[in-house]
1. Given 132, 115, 141, which one is hydroxyl-bearing (Ser, Thr, Tyr), at pLDDT 65 or above and over 26 Å from residue 217 (Cβ atoms)?
2. For region 334-348, check the following and say yes or no: at least one residue is within 21 Å of residue 390 (Cβ to Cβ), open to solvent by 10 Å² or more (accessible area, probe 1.4 Å) and either among the hydrophobic types (A, V, I, L, M, F, W, C) or part of a helix (DSSP H, G or I) (or both).
3. Which ones in region 302-335 are in contact (Cβ under 8 Å) with a residue 24 or more places away in the chain and closer than 15 Å to residue 379 by Cα?
4. Just to verify a result, which residue in region 153-179, among those that are assigned to a loop (DSSP other than H, G, I, E, B) and near the ligand (Cβ under 10 Å from one of its atoms), is modelled with the highest pLDDT?
5. Take the conditions at pLDDT 90 or above and either within 16 Å of the ligand (Cβ to nearest atom) or under 19 Å from residue 274 (Cβ atoms) (or both) and apply them to residue 239. Does it pass?
Amino acid sequence: MELSLQISATLPREKLLHFPSKCNPSKVGVLYPRFTKHPFRETSFQSRNRAIVLEKQLSGERYDEGERSYDREASTSSEDSSFLSLNEKPDRNLALLDDYEMEELDYEFDPNHKSGYVAVLGKPNVGKSTLSNQMVGQKLSIVTDKPQTTRHRILGICSSDEYQMILYDTPGVIEKKMHMLDSMMMKNVRSAAINADCVLVVVDASKVPQKIDEVLEEGGGSLKEKIPTLLVLNKKDLIKPGEIAKRLEWYEKFTDVDEVIPVSAKYGHGVEDVKNWILTKLPTGPAYYPKDIASEHPERFFVAEIVREKIFMQYRDEVPYACQVNVVNYKTRPTSKDFIQVEIVVEKNTQKIILIGKEGKALKLLATAARLDIEDFLQKKVYLEVEVKVKDNWRQDEGLLKHYGYGGQIRAL
Ligand SMILES: Nc1nc2c(ncn2[C@@H]2O[C@H](COP(=O)(O)OP(=O)(O)OP(=O)(O)O)[C@@H](O)[C@H]2O)c(=O)[nH]1
């Protein structure tokens, strides 16, 4: 029989001060509030294409392949509007505005404006998410002290008046692929570098230096042209200055990268140098996305990620890795708190029992910690309901994995 327990997140904030000793809340900063992305907002290239297609449809004129991509999107979106593709890099030309749009949007064309895609690669736990979050200026990827917490490519957007960098924070490159989930995650890593204008390979400075061939191979080995590559020597705060110089020398000598920059992503040291290096590699061109958005992912994606982060903080060993978090219902209610229903899928009943805890206490603690962060992120009060379900071997089930968003698409509605 399917055992099920629903918990609403109503523990008072004070109770949260008593986290179990194994989790360290200070490791996870809350930086959500500046997020301004609306999930259904069109990007400039989408709106431009929509205008062209509609205009040509009205006049009976044929439209070309590039333009038709909007049309296809429009026709599939009515049947399957709940999915958002993460694989395609938009055509740079489509981001260009015509004279009419420039006037309409009061847009001044800057011929020196730079824009492009940056893939952030590296082994698990080296600090890729921390670096990406620092660059974007807010927390988009979950950061924990456990390896392999990032499961999706997170598209973070870092804009200023002069540039727009689109960052793909990827799951760490893993050698042993234990589950189909691992293989599907690696597939996403591969396509990240294929789409990139430059690549950052992040390594942990506190560890013995290692060749990065495998990381580069997973990240885009089949590419004919070499993409400009920066080696980011992260966690420099953990070693002595003399050691940093030795590591730097080793990586310059034994890897085929264009430059090595030591940083401490956690404390923001050297992050500006990384940005400056990227700027020298990005082509000139207009912004791909409106300047005020920080991610292409919809809010519900981040809600699920926040719950997942809290699971990593609160539970031990294999349990967090066996959890999949899905937002199954998300209702915005203008006159009361938003209603969010989340399911946590685990593989075994024993994991479910651990998640729920004695008299449901552990799940209640988890739900409350998640609710507080979700409220910070959304900047409004929510009613959060959390349910735990068992789905045998979900990490090996291709159909389920695609449904959960590991096939390059995520649910947007
Ligand atoms: N001391 C120190 N710790 C850091 C630094 N950057 C990241 N960390 C810590 O390293 C751990 C892993 O960081 P993440 O950013 O989650 O690493 P990741 O490479 O994205 O990990 P995966 O999700 O496994 O791919 C966290 O505990 C971070 O706080 C740094 O510059 N200095």
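1. Numbers: 132 fails: over 26 Å from residue 217 (Cβ atoms); 141 fails: over 26 Å from residue 217 (Cβ atoms).
Residue meeting the stated conditions: 115.
2. Going through region 334-348, the residues within 21 Å of residue 390 (Cβ to Cβ) turn out to be 341-348.
Filter once more, keeping what is open to solvent by 10 Å² or more (accessible area, probe 1.4 Å): 341, 343, 347-348.
Now narrow it down to the ones that are either among the hydrophobic types (A, V, I, L, M, F, W, C) or part of a helix (DSSP H, G or I) (or both): none.
Looking for residues that are within 21 Å of residue 390 (Cβ to Cβ), open to solvent by 10 Å² or more (accessible area, probe 1.4 Å) and either among the hydrophobic types (A, V, I, L, M, F, W, C) or part of a helix (DSSP H, G or I) (or both), one finds none in region 334-348, hence no.
3. 302, 303, 306
4. Of all residues in region 153-179, those assigned to a loop (DSSP other than H, G, I, E, B) come to 153, 160-162, 170-179.
Within this subset, residues satisfying the condition of being near the ligand (Cβ under 10 Å from one of its atoms) are 170-174.
Details: 170: 73, 171: 69, 172: 62, 173: 60, 174: 60.
My answer is 170.
5. Answer is yes for this residue.
The values are calculated or read from the model by the stated rules, or taken from the named source; none is laboratory data. Computed from a predicted structure; not experimentally measured. Backbone-built Cβ (ideal geometry, glycine too); neighbour counts: all protein chains shown. With ligands, DNA and RNA removed, areas are computed over all heavy atoms of the protein, side chains included. Shrake-Rupley method; radii C 1.70, N 1.55, O 1.52, S 1.80 Å.
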